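Q: Submitted below is the structure of interest, expressed as structure tokens.
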Amino acid sequence: MKTALQDDSTQGQAIDFDDVRTEFHALLSGCAVYDLSGRAKIALTGGDRVRWLNGMISNNVRDLAPGHGVYSFVLNAQGRIQGDLYAFNRGESVLVDTERAQRDKVWELFDHYIIADDVEMADVSDKIAALGLTGPESRAMLEGAGVKAPELAYLQFADVQWQQIAVTVLRAGEEAKESWQVWIAPEHANTLWDALVKAGAKPTGSAALNLFRISRGIPQFGQDIRDRDLPQETGQTRALNFTKGCYLGQEIVERIRSRGAVHRQFKAFAVEGPLPEPGSKIQADGKEVGEITSSAILPLPSGDRGVALGYVRREASGKELIVGNSRLTPAPSPLESVT
């Protein structure tokens, strides 16, 4: 029988359980609980931490109030995306949260640009365990397990007590609707997991979480976002701030904004026909106009539905899109509403 929480061999991925369909339905209409302990967390301290980080990432941390976070890209000087992350203002430090697979690259990039700045980095990944809950019943499950869930804005967090243990409750991003995280000392994580499961949360693994990600049209770095992609191509305007001033890659981002468009755009598609594999080329009028980056069969209550994510060139708008023997129809997110 699989254990509740991952070990180091899973490299930051939530383990899979036994019933992906049931887990996916919990994400949509109930409450799914999953392990996020494998995500990398880097604490930035020092008097220059806010000013320095504001010059490193694409979103605004200069004006970020304590107890709040932002989603952001890390770019190179050519404006290409090198990684994505969340930055949280914890008062005496800024906590950077990213995927474990991106940890080394983000660390090296940050370290390269700390020159005469009063900034210190510390990897605190092993000191903070994190559990995620997603689904319309998530808040009720938190309360049922005895965890106070304050009224919070998206990416706002609060420190609370649970069974005389200090925990941090975070309301996660609005792209997942009702979604929460609880940060806790690793030695207490299994106890909290058991309490959430007892309250009714469904243990959920990486396969169902990936289906949910695709269903929400959320691109993943390394899969849908590559280091050759430009920020505006991904459609993730939530990662950008256009009034914060200079940062690494800002000149390119501003040039694209002033021109008003990019040549290609990240899109979600309903698929009619065989499911295309990631990397498959999209064609219109016999010409290559894009590519698929993610695809899945969503086990929806109304029946299984093929969907995909990918990039398509602007001039293909309104044309019939073909991948192999399949037809693509651009669709709004969330894709679980596609019929």
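The values are calculated or read from the model by the stated rules, or taken from the named source; none is laboratory data. These numbers come from a predicted model, not from an experiment. Using ideal geometry, Cβ is built from the backbone for each residue, glycine included, and neighbour counts are taken over all protein chains shown. Protein only, heavy atoms only, side chains kept; ligands, DNA and RNA dropped before computing areas. Shrake-Rupley method; radii C 1.70, N 1.55, O 1.52, S 1.80 Å.
Q: Quick one: which residue in Arg259, Arg264, Arg305, Arg238 is over 19 Å from Leu75 (Cα atoms) and touching a strand residue (DSSP E or B) at 6+ places or on another chain (Cβ under 8 Å)?
A: Values: Arg259 fails: touching a strand residue (DSSP E or B) at 6+ places or on another chain (Cβ under 8 Å); Arg264 fails: over 19 Å from Leu75 (Cα atoms); Arg238 fails: over 19 Å from Leu75 (Cα atoms).
One residue alone meets the criteria, Arg305.
Q: With respect to Arg62, determine if the residue is under 26 Å from Glu178 (Cβ atoms), of a type outside the set (S, T, N, Q) and either over 17 Å from the mean Cα position of the chain (by Cα) or open to solvent by 30 Å² or more (accessible area, probe 1.4 Å) (or both).
A: no
Q: Also: Among the residues of the range 224-236, is there at least one that is farther than 20 Å from Pro330 by Cβ, basic (Lys, Arg), open to solvent by 50 Å² or more (accessible area, probe 1.4 Å) and not in a helix (DSSP H, G or I)?
A: Within the range 224-236 (the criterion being farther than 20 Å from Pro330 by Cβ, basic (Lys, Arg), open to solvent by 50 Å² or more (accessible area, probe 1.4 Å) and not in a helix (DSSP H, G or I)), the answer is yes, since at least one residue qualifies.
Q: So which strands (runs of 3 or more DSSP E) are wholly in the range 242-339 and hold at least 1 residues that are touching a residue at least 60 places away in the same chain (Cβ under 8 Å) and among the hydroxyl-bearing types (Ser, Thr, Tyr)?
A: Values: elements: 264-272, 281-284, 287-300, 303-313, 321-323, 326-330.
Answer list for the range 242-339: 287-300, 303-313, 326-330.
Q: Next question. Mind checking which pairs have a first residue in the range 127-150 that is basic (Lys, Arg) and a second that is modelled with pLDDT under 95, Cβ under 9 Å, 6 or more apart or different chains?
A: Arg139/Ala149; Arg139/Glu178
Q: Any idea which residue in the range 101-120 is surrounded by the most Cβ atoms within 10 Å (Cβ to Cβ), counting only those that are acidic (Asp, Glu) and more than 25 Å from the chain's Cα centre (by Cα)?
A: First, the residues of the range 101-120 that are acidic (Asp, Glu): 104, 108, 111, 117-118, 120.
Okay, now just the ones that are also more than 25 Å from the chain's Cα centre (by Cα), so 117-118, 120.
Values: Asp117: 15, Asp118: 12, Glu120: 13.
The residue in question is Asp117.
Q: In the range 65-105, what count of residues is obtained for those that are part of a strand (DSSP E or B) and of a type outside the set (A, V, I, L, M)? Reasoning before the result, please.
A: Within the range 65-105, the first condition is being part of a strand (DSSP E or B), and the residues that meet it are 68-75, 81-89, 94-98.
Next cut, of a type outside the set (A, V, I, L, M) only: 68-69, 71-73, 82-84, 86, 88-89, 97-98.
Total satisfying the criteria: 13.
Q: Identify, please: which residue in the range 307-322 is open to solvent by 10 Å² or more (accessible area, probe 1.4 Å) and not acidic (Asp, Glu) and is, among those, farthest from Arg264 (Cα to Cα)?
A: So in the range 307-322, the residues open to solvent by 10 Å² or more (accessible area, probe 1.4 Å) come out as 312-315, 317-320, 322.
After this cut, where a residue has to be not acidic (Asp, Glu) as well, the list is 312-314, 317-319, 322.
Working: Val312: 5, Arg313: 4, Arg314: 5, Ser317: 10, Gly318: 14, Lys319: 14, Ile322: 16 Å.
Top of the filtered list is Ile322.
Q: Restricting the range 124-147 to residues that are in a helix (DSSP H, G or I) and farther than 15 Å from Trp193 by Cβ, which is most open to solvent (accessible area, probe 1.4 Å)? Break it down stepwise before answering.
A: Our first condition is that a residue be in a helix (DSSP H, G or I); within the range 124-147, this holds for 125-127, 138-144.
Cutting the leftovers down to farther than 15 Å from Trp193 by Cβ gives us 125-127, 139-140, 143.
Values: Ser125: 11, Asp126: 128, Lys127: 148, Arg139: 64, Ala140: 67, Glu143: 92 Å².
So the residue we want is Lys127.
Q: Residues to consider are Ile114, Ile81; find the one that is over 17 Å from Ile225 (Cβ atoms) and of a type outside the set (Gly, Ala, Ser).
A: Values: Ile81 fails: over 17 Å from Ile225 (Cβ atoms).
After ruling out the rest, the residue left standing is Ile114.
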